[in-house]
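Note sheet for the following structure.
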Amino acid sequence: MARRDGLIALSVAGMSAMSALASANDTTAQLGAGGLIIGRSDQIAMESEDLFISPEKVTVDYVFRNNSDKDVETLVAFPMPDIEGSPYANVDIPVDASDNFLGFSVSIDGQEVKPELQHSAFAVGLDIGKELDANGVPYFPFGDATLKALEKLSSEVAADWQNRGLITLNEYDDGSGMKSVREPLWQLRSTYWWRASFPAGKPVKVAHSYKPSVGGTAGVSFYTDGKFQGQYDDYKRKYCLDESFERAVEKATKNSGDGFPPYTETWLSYVLTTGGNWALGTIGKFRLTIDKGDPANIVSFCGAGVKKVGLTTFEMTATDFYPERDIEILILQPYDSPR
């Protein structure tokens, strides 16, 4: 394993026998989400965080403790990733056509919590929520309900919104003739929040889960003509790719017989650096588990002291952990593996 800036890159290889070139049209972007943000408090400490990440789900189990002699009530929030409306967007939305587009759920001490949703819509830097509400247009920029609501706008309102950059006309031929569809250009910003009580001197267990947004390509974008090139330097920095990763890709490429790595790329992001509002700003005991999904997959991410703990799982643990960077995960999947 290669060390880089005190971080260890871990790569585990598997082989297949198919190949293809990736193109921009075969790329899907991912949305980065993360953990909870607690209202700033010098009394509440995070004793532990147990974080599990896979392409299918993210689960996080926390233990908070109020170290003061008085009960504390504060806000706890889960920021959803921003979504940009665009007719050209190609973003993975795990739960389509829903305000809760990540399928977020949360519990405290085993009891399910029904959080409030605060969301807003911005276009050209302006809050346009009142205008959307007045015209019955959902904030979620993708999905049939929003498109149908935009279709019902009067021509005067539609022209005004188009001139101001709130919507655009997407014109195309679907085989039955030209179509002209009004589509949103606004940005959706969403946060789930709730009030939580932390009794004096007692631990409080908070658990939440969601389905991650997963990006990727139809091929490997950083290896062509028998060498690592293009955006590979950026990949090395982002995912801590090392020599064992390179050897695995080169071997699979050689075995494929056509000069192309027989993999697709999968990307996951977890925002770890937005927290720290609890006492000391560190996590007493931190455990990260990443599941690459299939034994044949190759996975790489940055972390110190990473160990393989299962057929497809890798673990990193730390004490008094301060998150200095977000978690970025690259998984290479053989072409014959399901996405």
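The values are calculated or read from the model by the stated rules, or taken from the named source; none is laboratory data. Not measured: the values here are computed from a predicted model. In this analysis, Cβ positions are derived from the backbone assuming ideal geometry, glycine residues included, and neighbour counts consider all displayed protein chains. For the accessible areas, the whole protein counts, side chains as well, though only heavy atoms, and no ligand, DNA or RNA atoms are used. Shrake-Rupley method; radii C 1.70, N 1.55, O 1.52, S 1.80 Å.
All conditions but one from (1) modelled with pLDDT under 90; (2) open to solvent by 50 Å² or more (accessible area, probe 1.4 Å) apply to residue 110; the one that does not is (1).
In the range 277-303, which residues are farther than 29 Å from residue 219 by Cβ, at pLDDT 90 or above and open to solvent by 50 Å² or more (accessible area, probe 1.4 Å)? Walk me through how you get there before you give the answer.
Here is the first cut: in the range 277-303, the ones farther than 29 Å from residue 219 by Cβ are 277-287.
Retained after the next criterion (residues that are at pLDDT 90 or above): 284-287.
Across the range 277-303, the qualifying residues are 285, 287.
Go through the range 207-227 and report how many residues are hydroxyl-bearing (Ser, Thr, Tyr), in a loop (DSSP other than H, G, I, E, B) and surrounded by fewer than 22 Cβ atoms within 10 Å (Cβ to Cβ). Break it down stepwise before answering.
Taking the range 207-227 and keeping what is hydroxyl-bearing (Ser, Thr, Tyr), we get 209-210, 213, 217, 221, 223-224.
With the extra rule that they be in a loop (DSSP other than H, G, I, E, B), the set shrinks to 213, 221.
Still in the list and also surrounded by fewer than 22 Cβ atoms within 10 Å (Cβ to Cβ): 221.
Result for the range 207-227: 1.
Note on the range 55-64: residues that are touching a Gly at 6+ places or on another chain (Cβ under 6 Å) and of a type outside the set (A, V, I, L, M, F, W, C) total 1.
Can we say residue 179 is closer than 30 Å to residue 262 by Cα, at pLDDT below 90 and surrounded by fewer than 17 Cβ atoms within 10 Å (Cβ to Cβ)? Write out each step before concluding.
Numbers: closer than 30 Å to residue 262 by Cα: no; at pLDDT below 90: yes; surrounded by fewer than 17 Cβ atoms within 10 Å (Cβ to Cβ): yes.
For residue 179, the condition - closer than 30 Å to residue 262 by Cα, at pLDDT below 90 and surrounded by fewer than 17 Cβ atoms within 10 Å (Cβ to Cβ) - is not met.
For the range 131-158, filtered to residues that are of a type in the set (Ser, Thr, Tyr) and in contact with a strand residue (DSSP E or B) (Cβ under 9 Å, 6 or more places away or on another chain), the residue that is nearest to residue 182 (Cα to Cα) is 146. Consider the range 240-255 and keep the residues that are in a helix (DSSP H, G or I) and open to solvent by less than 20 Å² (accessible area, probe 1.4 Å). The one that is nearest to residue 301 (Cα to Cα) is 245. Of everything in the range 66-80 that is open to solvent by less than 60 Å² (accessible area, probe 1.4 Å) and assigned to a strand (DSSP E or B), the residue that is nearest to residue 201 (Cα to Cα) is 66.
The single condition among (1) of a type in the set (Gly, Ala, Ser); (2) over 30 Å from residue 78 (Cα atoms); (3) in contact (Cβ under 8 Å) with a residue 24 or more places away in the chain that residue 176 does not meet is (3). Checked against the criteria, residue 143 counts as surrounded by 14 or more Cβ atoms within 10 Å (Cβ to Cβ) and not polar (S, T, N, Q).
How about the range 183-205: which of its residues are in a strand (DSSP E or B) and buried (at least 21 other Cβ atoms within 10 Å of the Cβ)? Please lay out each step first, then the result.
First pass over the range 183-205, keeping only residues in a strand (DSSP E or B): 183-184, 187-198, 200, 203-205.
184, 188, 190, 192, 198 - these are the residues of the range 183-205 that are in a strand (DSSP E or B) and buried (at least 21 other Cβ atoms within 10 Å of the Cβ).
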